[in-house]
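Q: Have a look at this one.
The values are calculated or read from the model by the stated rules, or taken from the named source; none is laboratory data. Treat the numbers as computed from the prediction; the structure is a model and nothing was measured. Here the Cβ positions follow ideal geometry from the backbone for every residue, glycine too, while neighbour counts run over all protein chains shown. The area values use the complete protein model at the heavy-atom level, side chains included, leaving out ligands, DNA and RNA. Shrake-Rupley method; radii C 1.70, N 1.55, O 1.52, S 1.80 Å.
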Amino acid sequence: MNKKSLVLLIIGFLLLIVAFIISSYNIIKLIFLLVGIILCSIGIYVNYKNYITSILVCLFLLIASYGIDTFLFYKFDKIPIFVYEVVSNNKVKVYNSLFYRIFDCNNSLILDYGYKKNYVCDNLALDQIDINEFLSDFENVYEKYNNKFVKITGKISKISGNDYLELNSYTLGENKLNGYVNFNSNYIVRVKVNENLSKYRIYDDITVIGRLESMKVDNGVFIFELVDSKLIASNVYDSFEYEVINSDDKDLISYVNLQNYYLYGINTIYLKYSNDTIYELNYLITDSRITLDDILKDANSEEILRNEEGEIVANKYILKKFNILVCNNDKKIIANKDYNLGVDLCDN
């Protein structure tokens, strides 16, 4: 082997070794590796004057380097060379390679072979961005967050089967009941999902985490698509208090027709989750978001009511702000606390 070829091979192998010694992610590692492989290939050509041999050596070194690179990650959790880094913030980074990616969750490495996993880091690792703030600078959103994971909180504006849901920017109007807002249909965050969406409804508060994959304009509508997503139901729905508007009416008023609910001495009932999140009880019942059993869980006591023949006609439940009469004929009467509940109401 001539001297020039030997020098090229020595320098090339030294660069390869240095590339693997550097521990943290750095583009210089990849540059050293590629330059080292090229120098080794040139050294082989200088010695043998054969393009095919030089090319085969180059391919062998590439494949061998990729294999060693992957092995060092598996064995020693060493950040690979053949990756490019996407930094969402100082706690969430992703290293993308040809067949796999690695989530760096605050220095804890998680392998995702085949790009199959959704977001795997801690939910609190990302800062929360309101949907209105996120879309306020829509012209620069894609440039700022392209391929990064973001955490956005907002309201659901559309649900498409189990394929995706959408969040629009919105404004609050005078009518805030049942989560209602005025959506801006010109700016949309579309979240592709891999989970059952049956528990979610339009106007629900929600937080989504996903990777901003693309941005497109469709008939003047800006659509930002999130993938590898994770949905986080809002904790605003974890607790509530009833707000009851009583009346002096002595008649039974139909409340939820198809389910035989009636009001007795009550105008309406609200569930207040927060100052800005108030739902009508009949809306929640109709939408199957709350059931009779859910309501009766808060009952302080129960009494069995019988007719003159001693037959059980109904069960009376005492709650904090109203009472409920559940008749055997499936009639359910939500009543003013000050009103007496008798079995005759079941027949009215």
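Q: Can you run down the residue pairs with Cβ atoms below 6 Å, 6 or more apart or on separate chains, where the first is in the range 189-216 and open to solvent by 70 Å² or more (accessible area, probe 1.4 Å) and the partner is not in a loop (DSSP other than H, G, I, E, B)?
A: As it stands, the answer is K192/Y164; K192/V227; E213/E225; E213/V227; M215/Y142; M215/F224; K216/I223, since those pairs meet every condition given.
Q: If you check Y74 against the conditions, is it touching a Ser or Thr at 6+ places or on another chain (Cβ under 7 Å) and part of a helix (DSSP H, G or I)? Steps first, please.
A: Values: touching a Ser or Thr at 6+ places or on another chain (Cβ under 7 Å): no; part of a helix (DSSP H, G or I): yes.
No; evaluated as a whole, the condition is false for this residue.
Q: Testing F183 on (1) surrounded by 15 or more Cβ atoms within 10 Å (Cβ to Cβ); (2) of a type outside the set (S, T, Y); (3) on the phi > 0 side of the Ramachandran plot; (4) free of Cβ contacts under 8 Å to residues at least 40 places away in the same chain, one condition comes back false. Which one is that?
A: It is condition (3) that F183 fails.
Q: Take I245 and decide whether it is loosely packed, with under 13 Cβ neighbours inside 10 Å and either touching a Lys or Arg at 6+ places or on another chain (Cβ under 8 Å) or assigned to a strand (DSSP E or B) (or both).
A: So I245 passes the test.
Q: When the residues of the range 75-94 are filtered to those that are over 19 Å from the mean Cα position of the chain (by Cα) and of a type outside the set (A, V, I, L, M, F, W, C), which remaining residue is farthest from G210 (Cα to Cα)?
A: Among those residues, the one meeting the criterion is K75.
Q: Let me ask you something else. Inspect all residues belonging to the range 20-35 and state whether any of them is open to solvent by less than 60 Å² (accessible area, probe 1.4 Å), assigned to a helix (DSSP H, G or I) and farther than 30 Å from N147 by Cα.
A: No: zero hits.
Q: For the range 330-348, what are the residues that are within 17 Å of Q259 (Cα to Cα) and touching a residue at least 24 places away in the same chain (Cβ under 8 Å)?
A: D330, K331, K332, I333, I334, A335, L345, C346, N348
Okay, residues lined up against (1) in contact with a helix residue (DSSP H, G or I) (Cβ under 8 Å, 6 or more places away or on another chain); (2) among the aromatic types (F, W, Y); (3) open to solvent by 60 Å² or more (accessible area, probe 1.4 Å):
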residue	(1), (2), (3)
F138	no, yes, no
K155	yes, no, no
K158	no, no, yes
N162	no, no, yes
G179	no, no, no
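Q: In the range 258-303, how many residues are open to solvent by less than 20 Å² (accessible area, probe 1.4 Å), β-branched (V, I, T) and under 24 Å from N348 (Cα atoms)?
A: Here the count works out to 4.
Q: In this structure, is I253 open to solvent by 30 Å² or more (accessible area, probe 1.4 Å), hydrophobic (A, V, I, L, M, F, W, C) and either part of a strand (DSSP E or B) or at pLDDT 95 or above (or both)?
A: yes
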